[in-house]
Amino acid sequence: MQWAKLHSKARFNLATSGVGAFPLRGLDVSIDQLEINGDNSYGFAPLQHAIASKNGVDSACVVEAAGTSMANHLALAALIDPGDEVLIESPTYELVVSTARYLQAKIVRFPRREENGFAVDPVEIRKVISSKTKLIFLTNLQNPSSVLTGDDILREVGDIAASVGAHVVVDEVYLDAVYENTPRSSFHLGKNFVVTSSLTKVYGLSGLRCGWILAQPDLARALYELNDLFAATPVHPTEILSVIALQNLDTIRERAKKIVEADRTTLKHFLDMNASHVAAVRSPYGTTSFPKLLHGDVAELLQRLRTKGETTVVPGKFFEMPDHFRIGMGVNHEMFAEGLRRIEQALQVC
Ligand SMILES: Cc1ncc(COP(=O)(O)O)c(C=O)c1O
């Protein structure tokens, strides 16, 4: 996270994970619609309803949170005690591993193997699950590969978790980057599913910090009470803006979709043309891709790329795969295409 905040910027910044920022003026909102304080002790009813209706769930199952970041933190903190076992996919979004470590969980990893297309393999979960397991954590789409896990596999994971009384926490912050036939939230797959998400990655609305947790009503209440120790009360002006954004979600998503799709076409061409240097599991969805460098050292490549090519991508070491790097789509197509051209140049030296 510190690297992303302090060191990822460059003229050709492909070190992103979500689409470009959506501007306030795009929401067509006037100052008269905003208010500083509101009735939001345990959620602002219009926002609770808007999130519930987006996900096809009852409002009692919705907990507002400050982004998916706080949603993940609250979900993990509510479900595990120090020493409890937590199964986390590998590779994954590093902050979740750090959060589990901070909560003093016993962390057990299960692989999503690249040679298996980064698929979630229930066999790998069965190998490591135990009576001490309290939760299984997945990202869907996966960060970094953008691979989609379908309902059949998720249901199987839910059954495995249920066999030891554990929950499945699915971070769906990238799921809406499946633009056609967007899957329903996995919250619907079973009572032991807990889902986290936000309007950050697919909608370019990070600044609203409009995140949420979907959980069964008892757990949802416990999560809100736990949040009294952290954020306590949500930021009301952004709750109002979030309701307006949720009313215009399709239009907001459509704007970035064009850029993401143009970028993916260019990326496909890049991967085809540079197949002797890089290989990537191709996902038709999402805003990131995670190529492997076939020869040479990623750290050296990225250093050269930054100093000579003014271009950044995310080092694979942040996903415990140092021979990979992550490329982000969906910000600006010209910048993306030029960034790829510069990566291609830098690869010639490997
Ligand atoms: C899988 C995953 N979850 C959560 C987050 C953080 O999201 P938010 O901005 O909603 O807190 C990220 C950011 O990169 C992410 O990749």
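Can you tell me which residue among N13, N72 is buried (at least 22 other Cβ atoms within 10 Å of the Cβ), closer than 26 Å to F319 by Cβ and within 16 Å of the ligand (Cβ to nearest atom)? Working first, answer last.
Numbers: N13 fails: buried (at least 22 other Cβ atoms within 10 Å of the Cβ).
Answer to the check: N72.
Given the conditions (1) out of contact with any Leu (no Cβ under 7 Å at 6 or more places or on another chain); (2) within 16 Å of the ligand (Cβ to nearest atom), which single one is not true for E156?
(2)
Within the set of pairs 6+ apart or on separate chains, which have a first residue in the range 314-343 that is over 17 Å from L294 (Cβ atoms) and surrounded by 20 or more Cβ atoms within 10 Å (Cβ to Cβ), a second that is at pLDDT 95 or above and aliphatic (A, V, I, L, M), and C-beta atoms under 6 Å apart?
V314/A15; G328/L14; M329/V260; G330/V19; G330/I259; G330/V260; G339/L14
Can you pull out every residue in the range 138-175 that is among the polar types (S, T, N, Q) and more than 15 Å from V96 (Cα to Cα)? First the steps, then the outcome.
Of the range 138-175, the ones among the polar types (S, T, N, Q) are 139-140, 142-143, 145-146, 149, 163.
Residues satisfying the conditions are S145, S146, T149, S163.
In the range 47-61, which residue that is on the phi < 0 side of the Ramachandran plot and outside any helix (DSSP H, G or I) is farthest from the ligand (Cβ to nearest atom)? Talk me through it step by step, then tell me what you get.
Narrowing the range 47-61 to residues on the phi < 0 side of the Ramachandran plot: 47-55, 57-61.
Those still in the list that are outside any helix (DSSP H, G or I) too: 57-58.
Details: V57: 19, D58: 23 Å.
Filtering first and then ranking leaves D58.
Working carefully through the options A66, A78, find the one that is of a type outside the set (S, T, Y), in contact with a helix residue (DSSP H, G or I) (Cβ under 6 Å, 6 or more places away or on another chain) and surrounded by 14 or more Cβ atoms within 10 Å (Cβ to Cβ). If you could, list the steps in order and put the result at the bottom.
On the way: A66 fails: in contact with a helix residue (DSSP H, G or I) (Cβ under 6 Å, 6 or more places away or on another chain).
From the options A66, A78, the qualifying one is A78.
Using the structure shown, decide if A256 is under 26 Å from Y93 (Cα atoms), at pLDDT 95 or above and assigned to a helix (DSSP H, G or I).
Details: under 26 Å from Y93 (Cα atoms): yes; at pLDDT 95 or above: no; assigned to a helix (DSSP H, G or I): yes.
Criteria not met by A256.
Does the range 196-217 hold any residues that are surrounded by fewer than 24 Cβ atoms within 10 Å (Cβ to Cβ) and away from the ligand (no atom under 12 Å from the Cβ), and which are they?
Residues satisfying the conditions are Q216, P217.
Determine, yes or no, whether S186 is under 24 Å from D250 (Cβ atoms), within 21 Å of the chain's Cα centre (by Cα) and within 12 Å of the ligand (Cβ to nearest atom). Write out each step before concluding.
On the way: under 24 Å from D250 (Cβ atoms): yes; within 21 Å of the chain's Cα centre (by Cα): yes; within 12 Å of the ligand (Cβ to nearest atom): no.
In short, no.
One line per residue, one yes/no per condition, for (1) of a type in the set (S, T, Y); (2) within 26 Å of A161 (Cβ to Cβ):
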site: S198; (1), (2): yes, yes
site: L205; (1), (2): no, no
site: S242; (1), (2): yes, no
site: E254; (1), (2): no, no
site: I259; (1), (2): no, no
site: M273; (1), (2): no, no
site: Y285; (1), (2): yes, yes
site: A299; (1), (2): no, no
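Do the conditions hold for E64, that is, is it charged (D, E, K, R), within 16 Å of the ligand (Cβ to nearest atom), closer than 30 Å to V164 by Cα and without any contact (Cβ under 8 Å) to a residue 60 or more places away in the chain?
Working: charged (D, E, K, R): yes; within 16 Å of the ligand (Cβ to nearest atom): yes; closer than 30 Å to V164 by Cα: yes; without any contact (Cβ under 8 Å) to a residue 60 or more places away in the chain: no.
For E64, the condition - charged (D, E, K, R), within 16 Å of the ligand (Cβ to nearest atom), closer than 30 Å to V164 by Cα and without any contact (Cβ under 8 Å) to a residue 60 or more places away in the chain - is not met.
Only one residue in R282, R304, R264 is touching a helix residue (DSSP H, G or I) at 6+ places or on another chain (Cβ under 9 Å) and more than 23 Å from K5 (Cα to Cα), so which one is that? Working first, answer last.
Details: R304 fails: more than 23 Å from K5 (Cα to Cα); R264 fails: touching a helix residue (DSSP H, G or I) at 6+ places or on another chain (Cβ under 9 Å).
Unique residue meeting the criteria: R282.
Only one of these conditions is not met by V96: (1) β-branched (V, I, T); (2) assigned to a strand (DSSP E or B); (3) under 15 Å from the mean Cα position of the chain (by Cα). Which number is it?
It is condition (2) that V96 fails.
Answer with yes or no whether Y179 is of a type in the set (F, W, Y), in contact (Cβ under 8 Å) with a residue 60 or more places away in the chain and under 20 Å from P46 (Cβ atoms). Full working, then the answer.
Working: of a type in the set (F, W, Y): yes; in contact (Cβ under 8 Å) with a residue 60 or more places away in the chain: yes; under 20 Å from P46 (Cβ atoms): no.
No, not satisfied.
Write out, first by first residue and then by second, each pair whose Cβ atoms fall under 6 Å of each other, whose residues are 6+ apart or on separate chains, and whose first residue, in the range 284-300, is closer than 30 Å to D176 by Cβ while the second is hydroxyl-bearing (S, T, Y) and buried (at least 24 other Cβ atoms within 10 Å of the Cβ).
Here the result reads Y285/S146; G286/S146; G286/Y174; T288/S146; F290/S145, each pair linking the range 284-300 to a residue that is hydroxyl-bearing (S, T, Y) and buried (at least 24 other Cβ atoms within 10 Å of the Cβ).
Given the criteria within 15 Å of the ligand (Cβ to nearest atom) and either farther than 30 Å from A245 by Cα or surrounded by 20 or more Cβ atoms within 10 Å (Cβ to Cβ) (or both), does V86 qualify?
On the way: within 15 Å of the ligand (Cβ to nearest atom): no; either farther than 30 Å from A245 by Cα or surrounded by 20 or more Cβ atoms within 10 Å (Cβ to Cβ) (or both): yes.
In short, no.
So which of V243, V281 is buried (at least 18 other Cβ atoms within 10 Å of the Cβ) and within 19 Å of V202 (Cβ to Cβ)?
Working: V281 fails: within 19 Å of V202 (Cβ to Cβ).
None of the other options fit; the residue is V243.
Which count do you get for residues in the range 1-41 that are more than 25 Å from the chain's Cα centre (by Cα), part of a loop (DSSP other than H, G, I, E, B) and either of a type outside the set (D, E, K, R) or over 25 Å from S59 (Cα atoms) (or both)? Break it down stepwise before answering.
Here is the first cut: in the range 1-41, the ones more than 25 Å from the chain's Cα centre (by Cα) are 25, 28-41.
Restricting the remaining residues to those that are part of a loop (DSSP other than H, G, I, E, B) gives 28-30, 34-40.
Still in the running and either of a type outside the set (D, E, K, R) or over 25 Å from S59 (Cα atoms) (or both): 28-30, 34, 36-38, 40.
Counting residues in the range 1-41 that are more than 25 Å from the chain's Cα centre (by Cα), part of a loop (DSSP other than H, G, I, E, B) and either of a type outside the set (D, E, K, R) or over 25 Å from S59 (Cα atoms) (or both) gives 8.
Does A220 fit the bill of being within 14 Å of the ligand (Cβ to nearest atom), small (G, A, S) and surrounded by 20 or more Cβ atoms within 10 Å (Cβ to Cβ)?
For A220, the condition - within 14 Å of the ligand (Cβ to nearest atom), small (G, A, S) and surrounded by 20 or more Cβ atoms within 10 Å (Cβ to Cβ) - is not met.
The values are calculated or read from the model by the stated rules, or taken from the named source; none is laboratory data. Everything numeric in this text was worked out from a predicted model, so none of it was measured. So basically every Cβ, Gly included, is an ideal-geometry build from the backbone, and we count neighbours across all protein chains shown.
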